[in-house]
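**Q** First the structure, which I've put down as structure tokens, then a few questions once you've had a look.
The values are calculated or read from the model by the stated rules, or taken from the named source; none is laboratory data. Keep in mind that this is a model prediction, so the values were computed, not measured. FYI the Cβ positions are ideal-geometry reconstructions off the backbone, even for glycines, and counts take in every protein chain you see. For the accessible areas, the whole protein counts, side chains as well, though only heavy atoms, and no ligand, DNA or RNA atoms are used. Shrake-Rupley method; radii C 1.70, N 1.55, O 1.52, S 1.80 Å.
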Amino acid sequence: MTPIIIPKQPAWGTLDVDSNGNLFIGGVNIFSGQISCVRSSNAKNGGVRPTFDQTTRVNLGGDIVFDGGINGVGLSGQIFLAVDRSGTSTNNNVYMLASVQPTGASNGTDVMFVRSTDGGRTFSAPYRINDDPINHNKSHWFGTLSVAPNGRIDAVWLDTQNAANNTDSQLFYSYSVDGGNTWSPNVAVSNSFNPFLGYPNQNKMGDYMTIVSDNTGGNVAYCATFNLEEDIYYVRVAPETP
């Protein structure tokens, strides 16, 4: 098919489908800064031209940072959207997460999370996943999430909370087993690295990382500079076992 314009023009985002095949797209309008969740109920039907029948403005507690944050000329993180298809009590919940500069702050980012339990019509108040004391000199960046087949939500991000210089970063992990109502204490799952090493012609370390979850843990691909250059690394994260 030929490309079509999506309402609110969501950029720097991701998409997922619920158990009924409804398509959800989360993104931000790069001109207005408005974050939205857009739904198509008929994109699953190959015989029709997709239409978008629902658009919801989403408050993630802040703004997407581009060209000026810890990631140089890049983003401090994109908009991530994931749908629960577990068949449990949280089935078809729509989750959105992003590293945003908190409203009213002039620097720093927090990993913020919202959820919808009514098919994307309304979303909860934003929830701050990084659990360190509020400090706008710290960056919690490249936040991303994934939903396991059993409904557990995994979130990872890069974090400067342990860095005296507020730039050296570690990969952090947290998870929720109750649909995002509560989250586990944050744990660092990598050594610290200097994100400014290995800058190529464009001074940034990419724009995002990603995680894919299964029932027992999450598989993460992320960029780091442990070898004094930009490389892609894999790590598996998982909830603590008894």
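**Q** On full extension of the chain, what length is gained from Ser192 through Ile30, given 0.36 nm per residue of separation minus the C-alpha to C-alpha distance? Walk me through the numbers before you get to the answer.
**A** On the way: separation 162, 0.36 × 162 = 58.32 nm, distance 3.16 nm.
Working it through step by step, the gained length comes to 55.2 nm.
**Q** Decide, for region 8-107, between rounded, prolate and oblate: order the square roots of the alpha carbon gyration tensor eigenvalues as a ≥ b ≥ c, take rounded if a/c falls under 1.5, and otherwise choose prolate if a/b is larger than b/c, else oblate.
**A** prolate
**Q** Which percent of the accessible area of region 18-67 is formed by carbon and sulfur heavy atoms (probe 1.4 angstrom)?
**A** Numbers: 1100 of 2440 Å².
Taking all protein chains in place, region 18-67 shows 45 percent carbon and sulfur surface.
**Q** For the chain, what is Rg from Cα atoms divided by 2.2 N^0.38 Å, rounded to two decimals?
**A** 0.99
**Q** Continuing with the same structure: Calculate one ³J(HN,Hα) per residue across region 177-191 by plugging θ = phi - 60° into the Karplus curve 6.51 cos²θ - 1.76 cosθ + 1.60, and present them in order as whole Hz with x for glycine and proline.
**A** Per-residue couplings from phi come out as 10, 10, x, x, 5, 9, 10, 5, x, 5, 10, 7, 10, 8, 6 Hz.
**Q** Apply the Karplus parameterisation 6.51 cos²θ - 1.76 cosθ + 1.60, with θ equal to phi minus 60°, to every residue of region 38-51 and state each ³J(HN,Hα) to the nearest whole Hz, in sequence, with x for glycine and proline.
**A** Ordered by residue, 3J(HN,Hα) equals 10, 10, 10, 8, 10, 4, 6, 8, x, x, 10, 7, x, 10 Hz.
**Q** Heavy-atom accessible area per residue, the chain, 1.4 Å probe: how many Å²?
**A** Details: 11080 Å² over 242 residues.
Ligands and nucleic acids excluded, the result is 46 Å² per residue.
**Q** So, one more: Would you please report the Å³ per residue occupied by the convex hull of the alpha carbon atoms in region 35-165?
**A** That works out to 127 Å³ per residue.
**Q** Within 10 Å of each candidate Cβ there may be at most 10 other Cβ atoms; applying that plus a DSSP loop requirement, which chymotrypsin sites (Phe, Trp or Tyr not before Pro) in region 1-100 survive? Numbers along the way, then the final one.
**A** Values: sites: Trp12, Phe24, Phe31, Phe52, Phe66, Phe80, Tyr95; in loops: Phe31, Phe52.
Of the chymotrypsin sites (Phe, Trp or Tyr not before Pro), the ones in loops of region 1-100 whose Cβ has at most 10 other Cβ atoms within 10 Å are Phe31.
**Q** Over the chain, what is the relative contact order in percent, taking alpha-carbon pairs closer than 8 angstrom and at least six residues apart?
**A** On the way: 639 pairs, mean separation 32.1, N = 242.
Across the chain, relative contact order equals 13 percent.
**Q** Let me spell out the model: positive unit charges on the Cβ of Lys and Arg, negative unit charges on the Cβ of Asp and Glu, origin at the Cα centre of the chain. What dipole size does that give, in debye rounded to 20?
**A** Working: 13 positive and 20 negative charges, 154 e Å.
Its charge dipole is roughly 740 debye.
**Q** Can you compute the modelled spin-label distance between Thr2 and Val73, with each label point 7 Å from Cα toward Cβ, in nm?
**A** Using points 7 Å along Cα→Cβ, the separation is 3.4 nm.
**Q** Collect residues whose amide H, placed 1.01 Å from N in the peptide plane, falls under 5 Å from the amide H of Gly218; neighbours closer than 5 in sequence don't count.
**A** For Gly218, whose amide H was placed from the backbone, the distant partners under 5 Å are Val237, Ala238.
**Q** Still on this structure: Relative contact order of region 128-242: what whole-number percent is it, with Cα pairs under 8 angstrom and at least 6 residues apart?
**A** Details: 239 pairs, mean separation 25.2, N = 115.
Computed value for region 128-242: 22 percent relative contact order.
**Q** Follow-up. Using Cα-Cα distances under 8 Å and only pairs 6 or more residues apart, what relative contact order does region 1-114 have, in percent?
**A** Reported as a whole number, the value is 21 percent.
**Q** Full-extension gain between Glu230 and Thr182, please, as 0.36 nm times their residue separation minus the C-alpha to C-alpha distance.
**A** Numbers: separation 48, 0.36 × 48 = 17.28 nm, distance 3.40 nm.
13.9 nm is the gain from fully extending Glu230 to Thr182.
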